[in-house]
1. Name the single residue, out of those in region 214-234 being under 22 Å from Cys175 (Cβ atoms) and free of Cβ contacts under 8 Å to residues at least 24 places away in the same chain, that is surrounded by the most Cβ atoms within 10 Å (Cβ to Cβ).
2. Quick one: count up the residues across region 72-90 that are in contact with a Gly (Cβ under 7 Å, 6 or more places away or on another chain) and assigned to a loop (DSSP other than H, G, I, E, B).
3. Could you list, ordered by first residue, the pairs with Cβ atoms under 6 Å in which the first is in region 144-159 and within 16 Å of Ala21 (Cβ to Cβ) and the second is part of a loop (DSSP other than H, G, I, E, B), at least 6 apart or interchain?
4. Give region 183-213 a look and list any residue that's surrounded by fewer than 16 Cβ atoms within 10 Å (Cβ to Cβ) and of a type in the set (Val, Ile, Thr), or say none.
5. Take Arg233 and tell me if it is at pLDDT 95 or above, over 24 Å from Ser117 (Cα atoms) and not small (Gly, Ala, Ser).
6. Could you tell me which residue of region 55-66 is surrounded by the fewest Cβ atoms within 10 Å (Cβ to Cβ), considering only residues that are closer than 21 Å to Gly173 by Cβ and of a type outside the set (Lys, Arg)?
7. Being among the charged types (D, E, K, R), in contact with a Gly (Cβ under 7 Å, 6 or more places away or on another chain) and over 21 Å from Tyr70 (Cα atoms) is the filter here; which residues of region 162-219 pass it?
8. The conditions are (1) crowded, with 17+ Cβ neighbours inside 10 Å; (2) touching a residue at least 24 places away in the same chain (Cβ under 8 Å); (3) over 14 Å from the mean Cα position of the chain (by Cα); (4) not in a strand (DSSP E or B), and Val69 fails exactly one of them. Which is it?
Amino acid sequence: MHVIQYSGGIGSWATAQRVAARHGTGDMILLFSDTLLEEDSLYAFLAESAAQLGAPLVRVTDGRTPFEVYWATRFLGNARLAPCSKVLKQQPARQWLQAHVDPDATTLYVGIDASESHRIPGIRAGWTPWTVEFPLTEEPELTKDAMLAEARALGLTPPRAYEEGFAHANCAGMCVRGGQKHWRRLLECHPDRFVGYERQEQEFRAEFGDVAILKEQRNGVVRPLPLTELRHRHENARSARDD
């Protein structure tokens, strides 16, 4: 059995293409862990690309959103630690694997590229006892733009996030692993989403104190950077440019 960790991002799509070319799709599963926060264009791409491959798309979910996980764990996800990834993606996927496939007869595939090869030991250890492979790392010159072009050449429409300049398509841009540049782009492209997460962060801060999704370092001191403060800075900078 060949199981693709199928996030809806272009890397997992390109991985599935390469596995299909080597092994066919007769015993392939596209395993999607749904955070319930994805953009409509990502869900559409999942369905279209699964149909193009001719492989079944299996959806698993914990049933909660990232912020519901933060409240349950009393910990606000950030670039360093994101409990949402473990609870909403890894755990539902592992539960499905344990119930449906034999580790001795199954290979998992993860869509990281050569620039992320340093992550391989940790990923393999985390998915024990399953064997994990990383086909994209075998193509060191492969770029995200090239993968997007491959998909479009097959008549597929990748998630809108890539056209908007985001590096990744997950969580509709509201990924706590993104840095300040990522969140400024979200503010520009989708201010409604930014403000919604800003409000939830404020509610969390009211309960747990001076914590934030983002951090910044000034004069050697690292401090939380609330989304409200980032938005105010961005708006002030834009006003100064307009003046």
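The values are calculated or read from the model by the stated rules, or taken from the named source; none is laboratory data. Here the structure is a predicted model, which means the values were calculated and not measured. Positions of Cβ are generated from backbone atoms using ideal geometry, with glycine treated the same way; all protein chains shown enter the neighbour counts.
1. This residue is Pro224.
2. Qualifying residue count for the region: 1.
3. If the second residue must be part of a loop (DSSP other than H, G, I, E, B), the pairs left are Ala151/Pro158.
4. Listed by number, the list holds a single entry, Val195.
5. It is false that Arg233 is at pLDDT 95 or above, over 24 Å from Ser117 (Cα atoms) and not small (Gly, Ala, Ser).
6. Taking the candidates together, the pick is Thr61.
7. Across region 162-219, the qualifying residue is only Arg185.
8. Result: Val69 passes all but (2).
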